[in-house]
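Notes for the one structure printed next.
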2 protein chains.
Amino acid sequence: MSKQIDNHIRRLRFEHQEMTQQALADQVGVSRQTIVAIEKNKYSPSLEVAFKIADTFALSIEKVFEYK
Amino acid sequence: MSKQIDNHIRRLRFEHQEMTQQALADQVGVSRQTIVAIEKNKYSPSLEVAFKIADTFALSIEKVFEYK
DNA sequence: AGTTGGTGTCAAATATATTTAACATGAAGT
DNA sequence: ACTTCATGTTAAATATATTTGACACCAACT
């Protein structure tokens, strides 16, 4: 019953000039390990980090993270 | 330069049958104090709580939280 | 064979979000 | 005057996110 959060970060990285985890981390202002953790769904990020990731790809949060 | 997160929770509560903080907290599954803190911008929520709040109002995250 | 870059993982420390419980205030009703 | 309800605030404890540093693996070079 409870929904779950997935994300398309890995795909989006590749669609954006094969951006590396490190490059994304730098843009967003977090460590690479944080990107890895979010990308692999080890935990869901703060709203702030979610917004920054979405911003990096010029997308809405809903187009980066799915809640369903 | 760094953007900031605001929200329209209070307004949305009133637009939804004058929903109380407690009622929203119950729907979302957090404590009332958490709603107060988010509503008053004491901190920004986790992405999960943000999604649940948006869900409660049947809106996208961007229509509940503004990042700019 | 050795090196480099991108990725995955782990553990310990720190920062931030969230809970619980308690108390204060003001507005509305009795 | 008293009660009730919605709200705001605080402090301490717990949970979760994030950082830092380290190491392993694999693919692509040289």
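The values are calculated or read from the model by the stated rules, or taken from the named source; none is laboratory data. Because the structure is a prediction, the values reported are computed rather than measured. Cβ placement follows ideal geometry from the backbone for every residue including glycine, while neighbour counts extend to all protein chains displayed. Protein only, heavy atoms only, side chains kept; ligands, DNA and RNA dropped before computing areas. Shrake-Rupley method; radii C 1.70, N 1.55, O 1.52, S 1.80 Å.
List of remarks:
- Accessible surface, chain B, averaged per residue in Å² (probe 1.4 Å): 59
- Cα gyration tensor shape for the range B:8-58, rounded if a/c is under 1.5, else prolate or oblate: rounded
- Take the Cα of B:Ser31, step 7 Å toward its Cβ, do the same at B:Lys63, and the gap between the two points is 3.1 nm.
- Restriction of the GluC sites (Glu not before Pro) in the range B:1-40 to DSSP coil positions whose beta-carbon has at most 11 other beta-carbons within 10 angstrom yields B:Glu18.
- Signed unit charges on C-beta, dipole axis of the protein assembly as shown, positive-most listed residue B:Phe14, A:Gln33, A:Ala23: A:Gln33
- Shape category assigned to the protein assembly as shown from the gyration tensor of Cα positions, a/c cut at 1.5: prolate
- Net charge dipole size for the protein assembly as shown [Lys, Arg +1 and Asp, Glu -1 on Cβ; Debye, nearest 20]: 200
- For the peptide B:41-50, the mean number of other protein chain Cβ atoms found within 10 angstrom of a residue's Cβ is 6.
- The charge dipole of the range B:8-58, taken about its Cα centre with unit charges on the Cβ of Lys, Arg, Asp and Glu (plus for the first two, minus for the last two), comes to roughly 220 debye.
- Rolling a 1.4 Å probe over the protein heavy atoms of the range B:8-58, with every protein chain left in place, gives an accessible area that is 46 percent carbon and sulfur.
- Selection of chymotrypsin sites (Phe, Trp or Tyr not before Pro), chain A, meeting DSSP coil and at most 10 other Cβ within 10 Å: none
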